[in-house]
Amino acid sequence: MMIDVFKDKNVMIIGASSGIGEQTARLVNQYGGKTILISRNIDKLCEIKNELGEKSCCAYEMDISDLNNIGLKIASIISETGPLDGLVYSAGVSRFTPIAQAKPEIMQNVFNTNFFGFVECVRQVSRKGRFNPGLRVVGVSSVSSFHGNKARIAYCSSKAAMNSAVQCMALELSKKGICVNAVAPSLTNTNMFKAWLENSDENAEAVNNLLSRQYLGVAEPLDIANAIVYLLSPQARFITGITLPVDGGATTS
């Protein structure tokens, strides 16, 4: 990939304060793009912005679970930064939820961030005047969307919903020249994964079972960011409507 592949391109990264989102921001910046960082953790975003340079990076605080305010925030941000060439949705929450505890309000909370926030962000950035020709959207899903995990009904189903939405939006938005895809990471060395692992001995057992299928081991955020950046790039111009597993072989065994 050419080092300046994102030169003069605006890429908005939602959930950019840590893990996959942060690494994606660093990689887009490395390839010459201007990164628009969004997260609830504005202090961490400012640290990243200062490191990457204010000329090529800007940061905005936003709570993606506050669905009613997404439109106003995105409109305000784009009015300052200019239309987008890329959108990465890396915001997500995970919750250990046995079926007996999967009350509607708990399910709603997970879906607000993992699914409804994604759809609303795409809806907003795909409005006239908010994107440049060839806009590319990448959502961060999960291999958990392909198979069930014990006590993960909210997380798994919200990611499966994202995959389905990607197909629908890719078809509908193709007339605007917009491509929509997702990546589906497996076990990745992020704060979310560490917190899940530490939650209980049962989770540790589940991890061991998953790693028996994920035979390349635990991924690093950079492994996932590389796939995201590819899908954002012109090299992937003929790819849309897919969810790409980046899973160390987990879906093949």
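General observations
- Dipole axis of the chain (+1 Lys, Arg; -1 Asp, Glu on Cβ), positive-most option in THR190, ILE78, LEU67: ILE78
- Amide proton proximity set for PHE131, modelled H, under 5 Å, gap of 5+: LEU84
- Proximal charge balance of ALA184 [Cβ under 12 Å; K/R count +1, D/E count -1]: 0
- Maximal additional length on extending the LEU216-ILE99 stretch stands at 39.0 nm, based on 0.36 nm per residue less the C-alpha distance.
- The chain: DSSP helices with Cα axial extent of at least 18 Å and average Kyte-Doolittle hydropathy no lower than 0.5: 153-173
- Net charge contributed by nearby residues that have their C-beta within less than 11 Å of GLY86 (K/R +1, D/E -1): +2
- Counting only residues at least eight positions apart within a chain, or on another chain, the lysines with an alpha carbon under 23 Å from that of LYS194 are LYS44, LYS150, LYS159.
- Distances between placed amide hydrogens fall under 5 Å for ARG152 paired with THR97, all partners being 5 or more residues away or on another chain.
- Distance between the 7 Å Cα→Cβ label points at VAL207 and ASP63: 3.0 nm.
- Normalised by the number of residues in the chain, the mean separation of alpha-carbon contacts (under 8 Å, six or more apart) gives a relative contact order of 19 percent.
- Here the stretch 45-91 and the stretch 135-196 have alpha carbon centers that stand 20 Å from each other.
- Reachable lysines, given that their alpha-carbon falls under 22 Å from the alpha-carbon of LYS9 and they are not under 8 places away in the same chain: LYS34, LYS49, LYS55, LYS73, LYS128, LYS175, LYS176
None of the figures in this text is laboratory data; all of them are computed from the coordinates on show. Source: prediction; values computed, not measured. We place every Cβ from the backbone using ideal geometry, glycine too, and count neighbours over all the protein chains shown.
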